[in-house]
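Every number here is computed from the coordinates shown, using simple stated rules; none is lab data. Bear in mind that the values here come from a model prediction, so they are computed numbers and not experimental data. Cβ placement follows ideal geometry from the backbone for every residue including glycine, while neighbour counts extend to all protein chains displayed.
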Amino acid sequence: MEGKVRIAVLVSGGGTNLQALIDAERTGLLRSGELVLVLSDRKDAFALERARAAGKDAFAVDRKAFSEARAFEAELLRLLRQYETELIVLAGFLYVLSKDFVSLYGHRIINIHPSLIPSFCGKGFYGLRVHEKALEYGVKVTGATVHFVNEITDGGEIIKQKAVEVSEGDTPQSLQKRVMTQAEQIILPQACEEVCRKILKGREKNECLSD
Ligand code: GRF
């Protein structure tokens, strides 16, 4: 397969992490991969608007429109295959993919989580709740993590992390905003580029082996 790694981004919400990837592609920070597809499990996700504004093919695969998870995931897979996806990036994607789905893509799904894993992660830890728990615990430092997705929620191999100081008087909202802008939106494009470079290197090696 020629050229850059074909990336599909899965979203559910505002799409600020998707926007960081779009901007990174435009500035050349993300150059070993190209964003070919955006899928949302919610038809009203603003992330879809961001994708279309950037000229990306974007589709809502509304989870509520499917009676069963299997049919929902089959539709995701149909589109991922149609676009010959080589890497899936979960960017604020709130649906928990099944073990079967994850096993189809092996080491080719990455996720951004708004804490320093293994703190404040796993089942039920997403969005604002992560920061509420961090403040409740009284941590002085939190941050974000990009990791490979495996069958354990937030359990896969860590790719990149970035720490953020907790400020006096932080609310969950102010902390979330700082983690998003000072950590998530910086390490997700960097991690994406790193993983794509490794995929391309692996491709070259295979091509040499098969020559
Ligand atoms: C962010 O807090 C991100 O860490 C989490 O989902 C939230 C919304 O992200 N994964 P986005 O604005 O939809 O990218």
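Annotations
- Filter result (buried (at least 21 other Cβ atoms within 10 Å of the Cβ) and under 21 Å from Pro114 (Cβ atoms)) within the range 23-38: Ala24, Leu30, Val38
- Candidate set from the range 87-101 (those that are part of a loop (DSSP other than H, G, I, E, B) and within 12 Å of the ligand (Cβ to nearest atom)); member that is surrounded by the most Cβ atoms within 10 Å (Cβ to Cβ): Phe93
- Residues satisfying the stated conditions in the range 154-184, i.e. assigned to a loop (DSSP other than H, G, I, E, B) and closer than 17 Å to Val89 by Cβ: Asp154, Gly156, Glu157
- Selection within the range 43-60 - closer than 14 Å to Glu25 by Cβ, away from the ligand (no atom under 13 Å from the Cβ) and aliphatic (A, V, I, L, M): Ala53, Ala54
- Residue count for the range 37-59, restricted to those that are of a type in the set (A, V, I, L, M, F, W, C), within 14 Å of Leu90 (Cα to Cα) and part of a strand (DSSP E or B): 3
- Close pairs (6 angstrom Cβ cut-off, 6 or more residues apart or separate chains): closer than 16 Å to Gln161 by Cα in the range 109-133, of a type in the set (Phe, Trp, Tyr) and in a loop (DSSP other than H, G, I, E, B) anywhere: Val130/Phe120
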